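Asks: Can you keep this structure in mind? I'll have questions shortly.
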Amino acid sequence: MRTLSKAVAIGAVFAAVAGLSACGGASGTTKPVSGSWSDVVTAAEHEGKVVLYSSQKPANLDALKRAFEAKYPQIHMEYVRGTDADINPRVETENKTGKGIADVHMLTDAAWVQTAAQSGTYSSDLVGPDLHAPEYQPQTSVLHNRFALTSAAVFALGWNTAAVPGGLKDPRDILDPKYRGKIGITNPTGIAAYVDMYQYYEKTYGADYWKRLAALAPRVYPSALGIAQALTSGEISVTPSVQPLTTEVAAGAPVNWVLPQSPFGTPWYSHVTKVAPHPNAAQVLADFMVTRDGQVALNSGYAAVLPDIPGAVARAQDLPTPNTANLTPDKVSQYSQAWSKRFQG
């Protein structure tokens, strides 16, 4: 039921954004301008709107929307949130049909990013000046002038403080029979970043880590956001992998978190889509996301791409680079099938 409801909800959101985009003009009604960055910003303000597809949590996307609209009050920002498995096919379809809805696409699927950055099939070249700032480290943070490192998810241990007052220190602490039926894990099916995380845990905490955890009948959630909500409600007591619960702790929720000694992280890259209906506003948003104001908004509980960002838990450029050879569509599918057999069979 949870999976069906999620699919319907995301479909409804995409339909709503599609309707709004239709009211504002179809793809191709505006064109990228050449000239100075000031010319791009003026054209973006004339377009008056920009749409972001992203898998980040809503609290951070709301913060980005507020910060962006404060900087550019003449440009209204909308976002659609879903997993990469939801959003990437939408971007591919929009590109194929030439009917764009997304202006900027933010994702963690490392293999998709690498292939798309090399081919240029889905992306326009980036033109924003902040993408060349030395502190952003553009030589390693921008791929083929199409994909910009924007953030990174870092996975932490999480627990409900009423159920586990002493907290956790290591993912192996969760392999305790007392947590049977009260462990939350993410479903990695079709999501390269989660498959990468599962493989990292096997390499770091033991090849039998997930086999031992599966024996404790964990509850499965579609994303780390669902796990955070379940920890807060007390539906589960512990999880080996959740994004740092900074928002929840600040709100007074009965949860806490800690990064293990060797944390896993997965980078978010953003690109301006080739069929963006608001191509100049897309460039302005992509550039804003790597400014200090954009990074402060985006990265509470995440790894930032600039130094000394309040609320960030790490520097994105310092995290290990995903091994895309193990994250091809075929290998993600194979791992997903094996995972399903172990946890849902």
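None of the figures in this text is laboratory data; all of them are computed from the coordinates on show. Everything quoted here is computed from the prediction, not taken from an experiment. For neighbour counting, all protein chains shown are included, and Cβ atoms are generated from backbone atoms with ideal geometry for every residue, glycine included.
Asks: Rounded to the nearest 20 Debye, what is the dipole magnitude of region 21-129 about its Cα centre when Lys and Arg each give +1 and Asp and Glu each give -1 at the C-beta?
Replies: 140 debye
Asks: Which of the lysines could be linked to residue 169 by a straight reach, that is with a Cα gap under 30 Å, when you skip same-chain ones fewer than 8 residues away?
Replies: Partners found: 57, 178, 182, 203, 211, 341.
Asks: Whole-Hz ³J(HN,Hα) for each residue in region 281-294, computed from phi via Karplus 6.51 cos²θ - 1.76 cosθ + 1.60 with θ = phi - 60°, x for glycine and proline: what do you get?
Replies: Rounded to whole hertz, the list is 5, 4, 5, 5, 5, 4, 5, 4, 4, 9, 7, 4, 4, x.
Asks: Now, a different point. What are the ³J(HN,Hα) values, in whole Hz, obtained from phi via the Karplus relation 6.51 cos²θ - 1.76 cosθ + 1.60 with θ = phi - 60°, for each residue of region 72-88 in sequence order, with x given for Gly and Pro?
Replies: Calculated HN-Hα couplings, in order: 10, x, 8, 10, 7, 9, 10, 9, 10, 9, x, 6, 4, 5, 7, 8, 4 Hz.
Asks: Moving on. Between residue 97 and residue 119, what length comes free when the chain is fully extended (0.36 nm per residue of separation minus the Cα-Cα distance, one decimal in nm)?
Replies: In short, 6.1 nm is gained.
Asks: Now, a different point. Spelling out what I want: for every residue of region 295-307, take phi, set θ = phi - 60°, compute 6.51 cos²θ - 1.76 cosθ + 1.60 (Karplus), and round to whole Hz; glycine and proline get x.
Replies: 3J(HN,Hα) across region 295-307, in whole Hz: 5, 4, 5, 7, 10, 5, x, 10, 8, 9, 9, 10, x.
Asks: To check my understanding: the extent here is largest minus smallest coordinate of the Cα atoms along each principal axis. What are those three numbers for region 38-117, in Å, largest first?
Replies: Principal-axis extents of region 38-117 (Cα, largest first): 34, 30, 20 Å.
Asks: Which far-off residues, 5 or more places away or on another chain, put their amide H under 5 Å from the one on residue 268, with H placed in the peptide plane?
Replies: 150, 151, 152, 153
Asks: Skipping prolines and chain starts, which residues have an amide H placed within reach, meaning under 5 Å, of the one on residue 49, given they are 5 or more residues away or on another chain?
Replies: 76
Asks: Cα centroid distance between region 293-345 and region 104-159, in Å?
Replies: 12 Å
Asks: In addition: Counting Lys +1, Arg +1, Asp -1, Glu -1, what net charge surrounds residue 336 among other residues with beta carbon under 14 Å of its beta carbon?
Replies: So the surrounding residues net to -1.
Asks: Moving on. Sequence-distant or interchain residues sharing an amide H contact under 5 Å with residue 258, placed H: which?
Replies: Distant-sequence amide H within range of residue 258: 157.
Asks: Testing the spin-label approximation: label points 7 Å from Cα along Cα→Cβ at residue 258 and residue 217. State their distance in nm.
Replies: 2.9 nm
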